[in-house]
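Working notes, structure below.
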Amino acid sequence: MNKVRRKLVVSAMAALLILLTALLALINVINFALVAEDADRITETIAEGGGEFRDMMKNGEEPFPGGRAGPMGPDSPETPFTARFFTVRFDKNGKAETVAHNISAFTEDEAKEIAGKLVGEKRTGWVMTTYRFRVYKKSGETYVTVIDQGRELTPSYRILTVSVIGEAVVLILALAFLSAFSRKLIRPVEEADRKQKKFIGEAEAAIKVPLTVIGADVEIIERTSGPTDRTASIRRQVVRMAEITKRLRTMSLIEGESTPFDLTAAVKDAAKKKREEFSERGVSLDLDIAEGVTIKEGGEAVSRAAEELFRNAAKFAKSRASATLKRDGERVTLTVTNDADLPDGPVEQAFDRFVRLPNADGVEGDGIGLCSVRDAVREAGGRVSAVCSAGEFTVRATF
């Protein structure tokens, strides 16, 4: 269950990281957008005044209609006295002339140089990180107004810093909480898993006794009366039942291994073991197995899963089957295909326990083979899918 706990912690942390990042990114984007909007409203007012604030105060007018005293902002009557900006006008010949210079960070010559670089720019934007500019035309001449928004941006950068630090703190606290309480969170799952394993173990032990008795009785009958078709059939069913209980027990005990696993060797060995079954049914088997393919986790469970894939193909193939193992970057794909009379489309129900597909009628089986494949592949950190297309049934395991 340690692996389940790790997956729970990783999944929860990933979800929390995505949600927090999206939320804080949205908040900060809106915050910076509002600062830019305020700056654009100020530069628009300056543009309406021909490159500077209109001298309406002398006439008893408000520089911003509807403006009011209170927190500083683009509509504040204090803005004309606190805004740090410059405006440069360019005539038709490109000659620069200073219209307004209410800023100490640049000399007039430096302001003209900056404005000259912005003449061909878009209507509004940022320059030198904290300066908002506007390019506009009036009476056939081009104006460039640049306003210092450093003071207004400072709270925004502080919010951004606090957001990043706050997100990191929340993630650390969440990780500590999940690490401390994850065992309690998955305790019901552990209990259910324990009961399942106990039940399967007890069932296996209970079934073994009658199977042993049946096998012994058949042996006695054959010694006294000789073997018959019926005793041979009973022997086959006893062996089959023993194999089913063994596989059910194995499925309940599958536990991934952390050491690298040689998948190439496992697939080749599985194909070798099952090749005789293909030959007996007259089914051709084509192999395309890449060398040196390993996966992070695997072990005996994946080996048995590979065998089950070949066994399944040998049982249900009409005339041909193929297997491919390849690596594409970090991804490893094992594909086993056989021709089959099945409708096109996904066949995910093939991995359900005790489910048999329509083409299984008359074919001996127990309905847990592909289920064991699914469990083994998942335990190894992979995923498995089944699909039928153009008369071909394909099982693909990806690690």
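The values are calculated or read from the model by the stated rules, or taken from the named source; none is laboratory data. Worth saying up front: this structure is predicted, and the values here are computed from it rather than measured. Here the Cβ is made from the backbone with ideal geometry for all residues, glycine too, and neighbour counts use every protein chain on show.
Observations
- Taking the stretch 289-302 as the range and being surrounded by fewer than 20 Cβ atoms within 10 Å (Cβ to Cβ) and either modelled with pLDDT under 80 or not aliphatic (A, V, I, L, M) (or both) as the test, the residues that pass are Glu291, Gly292, Thr294, Lys296, Glu297, Gly299, Glu300.
- Matching residues, the stretch 187-198, being at pLDDT 75 or above and of a type in the set (A, V, I, L, M, F, W, C): Ala192
- When the stretch 245-263 is limited to residues that are among the β-branched types (Val, Ile, Thr) and surrounded by 15 or more Cβ atoms within 10 Å (Cβ to Cβ), the one that is modelled with the lowest pLDDT turns out to be Ile254.
- Residue among Asp361, Asp375 that is within 25 Å of Thr245 (Cα to Cα) and surrounded by 20 or more Cβ atoms within 10 Å (Cβ to Cβ): Asp375
- Counting residues in the stretch 189-212 that are closer than 30 Å to Ala12 by Cα and exposed (fewer than 10 other Cβ atoms within 10 Å of the Cβ) gives zero.
- Among the residues making up the stretch 65-85, a single one is in contact with a Gly (Cβ under 9 Å, 6 or more places away or on another chain) and at pLDDT 90 or above: Arg84.
- Matching residues in the stretch 1-19 - criterion: being in contact (Cβ under 8 Å) with a residue 12 or more places away in the chain and in a helix (DSSP H, G or I): Lys3, Val4, Arg5, Leu8, Val9, Ala12, Met13, Leu16, Leu17
- Top-ranked residue in the stretch 25-59 [being assigned to a loop (DSSP other than H, G, I, E, B) and out of contact with any helix residue (DSSP H, G or I) (no Cβ under 7 Å at 6 or more places or on another chain); ranked as modelled with the lowest pLDDT]: Met56
- Verdict on Ala22 being in contact with a Ser or Thr (Cβ under 8 Å, 6 or more places away or on another chain), among the small types (Gly, Ala, Ser) and either at pLDDT 90 or above or not in a helix (DSSP H, G or I) (or both): no
- Matching entry among Thr224, Thr161 (being exposed (fewer than 13 other Cβ atoms within 10 Å of the Cβ) and either closer than 30 Å to Thr21 by Cα or of a type in the set (Asp, Glu) (or both)): Thr161
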